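Peer 1: Encoded as structure tokens, here's the structure I'll be asking about.
The values are calculated or read from the model by the stated rules, or taken from the named source; none is laboratory data. Everything numeric in this text was worked out from a predicted model, so none of it was measured. Here the Cβ positions follow ideal geometry from the backbone for every residue, glycine too, while neighbour counts run over all protein chains shown. Heads up: the accessible areas ignore ligands, DNA and RNA and are worked out on the full protein's heavy atoms, side chains in. Shrake-Rupley method; radii C 1.70, N 1.55, O 1.52, S 1.80 Å.
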Amino acid sequence: MNFISPPYLHAETSVRRVMNRVMLALLPGIVVYTALVGVAIIVQILLACFFALLFEGLFQKLRGRSLASLQDGSALVTACLIALTFPPLSPWWLTVLGVFFAIVIAKQLYGGLGQNPFNPAMIAFAVCIVAFPALMSQWPAQGLYLPLSQQMEVIFGVSPRIDALTAATPLDAIKTALKMDSFTGSIQELLKSQSLYGTFAGRGWEWVTTAYLVGGLFLVQRRVITWQVPVAFLASMTVISLICWLVDPTRFSDPLFHLFSGGTMLGAFFIATDPVSGCATPTGKLIFGGGAGLLAYLIRVFGGFPDGIAFSILMMNICAPLIDVYTQPAIFGMRRGGKKKEREHE
Amino acid sequence: MLQKLFKFKGGIKPAHHKAESRGTPIAAAPLPGHLVIPLSQSAGEAAQPVVAVGDKVLKGQFIGKAEGWLSSAVHASTSGTVIAVEPRLMPHPSGLATLSVVILPDGEDRWMPLQAPDYKNMSLKSVLQYLQDAGVVGMGGAGFPSHVKMQDSAALGDLVINGAECEPYITCDDRLMRERAGEIIAGSGIIRDLLQVKRVLIGIEDNKPEAIAAMQAAVEAAGETTFSVVAVPTLYPAGGIRQLIRVLTGKEVPVDQRSTDLGIQCFNVGTALSVWRALNLGEPVVSRVVTLTGNVEQPGNWEALIGTPMNELLALARPRADTDGVIMGGPMMGIPMPACDVPVTKGSNCLIARSPTLFPPPPPEMPCIRCGACARACPQELQPFELYWWSRARQFDKAREYHLSSCIECGCCAYVCPANIPLVQYFRFSKSEIRAAAREQKMADSARARFEFKQFRAEREKAEKAEKLARAAAAQAAKLAAERDAAPEGESGAVGDAADAKQAVIAAAVERARVQRAETDSRDA
Ligand code: SF4
Ligand code: SF4
């Protein structure tokens, strides 16, 4: 007779299912992204996934753990996020290096799944952008459609990297403009003149980020993530960009542009919501998301990096444990007489 | 009457699995080959046996006398011969034995002469006494003696009758309410009068429409105006006392208080029935309705005698060949039985035959990903993953800070955990460690108190002795001085005394150090 303890029932859920849902939610973004820049991005995702599993398996083995954890899908989610945040035509070794830092340094060395204080994919991004700023800033120029064979040659380093390959992203453009004292005219005109502006944000990119938003809303609807982090993230970014924009509309972009540019949507719904390295209490999540959105804006507009998502989330990761300690919710029976939640049922 | 309802946070909606066993009426289980009646079936001290081997007993006869106010009496559940009074395995996963009376039935099932008490003209105290002697305890599973609960309930506002039966698989209360609604209402009426409450709220989960209808009809038939039968939304654990009170009254029982502090007392429908039987028929509690379900061919509800070996009872439902154990209670909070022949007790509401296909062993435990699903499911609004973290780290003080003591072990958290962590197991472990530590602390405290008192007494005696000696010496000296004779005698006495006192101080210090060492040892262990 075996003594499994109660409860004997279990909901249909597993870490793997959660991770699969997250990957499913990334799908619309991946599809639109592929349409925008070509199959290269799929190659990057496969590359990242392969090495993520390889590193994860290797280190699980080294640490004397079971390889069953390869099936939990967490390494794959990290791999996808790396592939989606790195420039799509990055050399293959840069992607692999990113995966190495994420899986080995940021995750396995801290004890594996559930133990990492920092978001692994963002560690990868931060390390690589500090070490290889030029490569990490090579975003494909708009309207440059390289055939697949040529993309492969670029990624795998057979042919030299073409300068024409890259161009300033909309975020680069506005930052550069902000720093030029002699800059006259408005941001919008500047972006339009460089044909960087689409319908409401960066041309082409706006649809990728919209697709991320769709996927993110799916996650909220399926309760894979809660609403607090994304809402707080987007709200704080909206507020701060609105303030700056109202103060000086010629030098600062409007909130809509910021919400749909760079890694905002990916960060708000897929990265800042990482439960392991984020906050767990409802109030903590609001603070975490709000802080990350604010910092991301400040870094992307005033800082030295093309986008601020990675660093803002890492900074909030540092604060997360402390925030959790100070935002412990009241438990059932700590509100006197239940007056606080007089929600009627009928 | 449209009752205004409230919500509690969290909760889960597992598959009900009630359809299997709720369809057929309650049937009386046949007499088993023998009965093993544990003398400890409720909270409080075990009852004291008042029969000996060889005694002939009648059904309903006293076999265990309540030991103190918290205890409850035990009766023979059929007529026959006492063949043993010895420790037998309890229906508890610990596998501990408890003193039990084993009865060989004579097959006649003859009641002792029953006489209903004239409870309407008795004082509350003697009615409660009567209930204690009739062995009336909570029939919902916890088995807290009902008379103690009633005593604590002076000047109440609401009486809550719990017919929620929120756990999957269990249908005994459902059948009871459908078949014996009149008695339950009458019993609830008696409790209402005893406690002098203004309002009786009967909460039944809305997945039991027949029970709700039957109870409503019974209320109308009885012409009771203070009663309302309330259909509460089906959401596990709506039958938890604090949750049910919240749903019915909107009140949250504060963590450090009991429901009676808010003027609310709660009884299970089965308990109300027991009260009615005891006071109206003079019948003590000798049987209960048990749901037999799970991996069986013929699930259903049976009225079983207390003490029926579970395997004999379960055989009535014809368990399938691959049955590998029995769970007492529901699948969320039920406990695995240490052996298949442990007896049915007053708290055995349901027996589930288990098999690996019915309840597959959980997939391997994975690391917690802090997804918070457990916190969203927790009806007590705790942060189970924090509790888990601190329990795993054996930091029980921290676990307490995160309100471990408010955990009702409902299992909602473990149910939703994607990492398959047996959270409840961790919490039970931590709670038992905390209890053990508290016990040790108490023992150490009382040992120290005893020791210190002894020390104090020894020193006081020493001081008194020294004082007496000194007085005597002084008198002696005065006398001797008066006689101009030898003083040294008194002096030498004083010196010897001082040396004595020094010795005692050293001994005391050594003893204190020893006690301290022993304490830290036991705390580390
Ligand atoms: S549900 Fe499980 S994995 Fe998620 S936070 Fe709770 S304990 Fe951790
Ligand atoms: S078992 Fe305890 S911690 Fe888990 S959901 Fe129930 S009350 Fe909350």
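Peer 1: Taking helices (runs of 4 or more DSSP H) that fall entirely within region A:64-158, which contain at least 3 residues that are of a type in the set (Val, Ile, Thr), away from chain B (no Cβ under 14 Å) and within 28 Å of B:Pro367 (Cα to Cα)?
Peer 2: A:92-100
Peer 1: Looking at B:Arg110, is it among the basic types (Lys, Arg), out of contact with any Leu (no Cβ under 6 Å at 6 or more places or on another chain) and not assigned by TED's automatic domain parsing to the domain that holds B:Phe227?
Peer 2: For B:Arg110, the condition - among the basic types (Lys, Arg), out of contact with any Leu (no Cβ under 6 Å at 6 or more places or on another chain) and not assigned by TED's automatic domain parsing to the domain that holds B:Phe227 - is not met.
Peer 1: Has region B:26-49 got any residue that is of a type in the set (Val, Ile, Thr), modelled with pLDDT of 90 or more, more than 16 Å from ligand 1 (Cβ to nearest atom) and open to solvent by 50 Å² or more (accessible area, probe 1.4 Å)?
Peer 2: Checked region B:26-49: no residue is of a type in the set (Val, Ile, Thr), modelled with pLDDT of 90 or more, more than 16 Å from ligand 1 (Cβ to nearest atom) and open to solvent by 50 Å² or more (accessible area, probe 1.4 Å).
Peer 1: May I pose another question? Restrict the check to region B:404-416 and report whether at least one residue is within 16 Å of ligand 2 (Cβ to nearest atom), surrounded by fewer than 18 Cβ atoms within 10 Å (Cβ to Cβ) and more than 10 Å from chain A (Cβ to nearest Cβ).
Peer 2: The answer is yes; a qualifying residue exists.
Peer 1: Right, next: Looking at (1) touching a residue at least 24 places away in the same chain (Cβ under 8 Å); (2) more than 14 Å from chain A (Cβ to nearest Cβ), can you tell me which one B:Glu167 breaks?
Peer 2: (2)
Peer 1: Does B:Pro379 satisfy the condition of being facing chain A (nearest Cβ under 10 Å) and open to solvent by 30 Å² or more (accessible area, probe 1.4 Å)?
Peer 2: no
Peer 1: Scan region A:52-63 residue by residue and report those that are in a helix (DSSP H, G or I), surrounded by fewer than 23 Cβ atoms within 10 Å (Cβ to Cβ) and not small (Gly, Ala, Ser).
Peer 2: A:Leu53, A:Leu54, A:Phe55, A:Leu58, A:Phe59, A:Gln60, A:Lys61, A:Leu62
Peer 1: Got a sec? Which of B:Pro145, B:Pro91, B:Pro168 is open to solvent by less than 30 Å² (accessible area, probe 1.4 Å) and at pLDDT 90 or above?
Peer 2: Criteria check complete, one pass: B:Pro168.
Peer 1: Consider B:Glu365 against the criteria (1) more than 9 Å from chain A (Cβ to nearest Cβ); (2) under 27 Å from the mean Cα position of the chain (by Cα); (3) open to solvent by 20 Å² or more (accessible area, probe 1.4 Å); (4) within 14 Å of ligand 1 (Cβ to nearest atom): it satisfies all of them except one. Which criterion is unmet?
Peer 2: (2) is the only condition that B:Glu365 fails.
Peer 1: Would you confirm, using the coordinates I've provided, whether B:Arg435 is open to solvent by 10 Å² or more (accessible area, probe 1.4 Å), more than 8 Å from chain A (Cβ to nearest Cβ), on the phi > 0 side of the Ramachandran plot and not hydrophobic (A, V, I, L, M, F, W, C)?
Peer 2: Judged against the criteria, B:Arg435 is not a match.
Peer 1: List every residue pair whose Cβ atoms sit under 6 Å apart, with the two residues 6 or more apart in sequence or on different chains, where the first one lies in region B:235-250 and is in a helix (DSSP H, G or I) and the second, anywhere, is among the hydroxyl-bearing types (Ser, Thr, Tyr).
Peer 2: From residues that are in a helix (DSSP H, G or I), the pairs are B:Ile245/B:Ser259.
Peer 1: Find the residue count for region B:316-335, including only residues that are open to solvent by less than 10 Å² (accessible area, probe 1.4 Å) and in a strand (DSSP E or B).
Peer 2: 2
Peer 1: Let me ask something else. Would you pick out the residues in region B:426-449 that are of a type outside the set (Ser, Thr, Tyr), out of contact with any Leu (no Cβ under 7 Å at 6 or more places or on another chain) and within 16 Å of ligand 1 (Cβ to nearest atom)?
Peer 2: Matches in region B:426-449: B:Arg428, B:Phe429.
Peer 1: If you don't mind, another one. Only one residue in B:Pro309, B:Pro299, B:Pro237 is open to solvent by less than 40 Å² (accessible area, probe 1.4 Å) and touching a Ser or Thr at 6+ places or on another chain (Cβ under 7 Å), so which one is that?
Peer 2: Testing whether each residue is open to solvent by less than 40 Å² (accessible area, probe 1.4 Å) and touching a Ser or Thr at 6+ places or on another chain (Cβ under 7 Å) leaves just B:Pro299.
Peer 1: For region A:237-260, give me each residue that is among the polar types (S, T, N, Q) and buried (at least 22 other Cβ atoms within 10 Å of the Cβ).
Peer 2: If the condition is that a residue be among the polar types (S, T, N, Q) and buried (at least 22 other Cβ atoms within 10 Å of the Cβ), then A:Ser241, A:Ser253 are the ones that fit.
Peer 1: Can you tell me which of B:Leu423, B:Leu387, B:Leu358 is within 30 Å of B:Pro319 (Cβ to Cβ), within 16 Å of ligand 1 (Cβ to nearest atom) and either open to solvent by 50 Å² or more (accessible area, probe 1.4 Å) or more than 8 Å from every other protein chain (Cβ to nearest Cβ) (or both)?
Peer 2: So the residue among B:Leu423, B:Leu387, B:Leu358 that is within 30 Å of B:Pro319 (Cβ to Cβ), within 16 Å of ligand 1 (Cβ to nearest atom) and either open to solvent by 50 Å² or more (accessible area, probe 1.4 Å) or more than 8 Å from every other protein chain (Cβ to nearest Cβ) (or both) is B:Leu423.
Peer 1: Same structure, new question: Of everything in region B:13-23 that's surrounded by 13 or more Cβ atoms within 10 Å (Cβ to Cβ) and part of a loop (DSSP other than H, G, I, E, B), which residue is nearest to the other protein chains (Cβ to nearest Cβ)?
Peer 2: Checked region B:13-23; the qualifying residue nearest to the other protein chains (Cβ to nearest Cβ) is B:Pro14.
Peer 1: Are there any helices (runs of 4 or more DSSP H) wholly within region A:224-311 with 1 or more residues that are within 15 Å of A:Phe125 (Cβ to Cβ), and if so which?
Peer 2: Qualifying helices (runs of 4 or more DSSP H): A:282-302.
Peer 1: Looking at region A:323-335, is at least one residue free of Cβ contacts under 8 Å to residues at least 12 places away in the same chain, of a type in the set (Lys, Arg), surrounded by fewer than 21 Cβ atoms within 10 Å (Cβ to Cβ) and assigned to a loop (DSSP other than H, G, I, E, B)?
Peer 2: Yes; the residues of region A:323-335 include at least one that is free of Cβ contacts under 8 Å to residues at least 12 places away in the same chain, of a type in the set (Lys, Arg), surrounded by fewer than 21 Cβ atoms within 10 Å (Cβ to Cβ) and assigned to a loop (DSSP other than H, G, I, E, B).
Peer 1: Residues in region B:1-12 that are more than 9 Å from chain A (Cβ to nearest Cβ) and open to solvent by 80 Å² or more (accessible area, probe 1.4 Å): how many?
Peer 2: Residues flagged as more than 9 Å from chain A (Cβ to nearest Cβ) and open to solvent by 80 Å² or more (accessible area, probe 1.4 Å) within region B:1-12 amount to 1.
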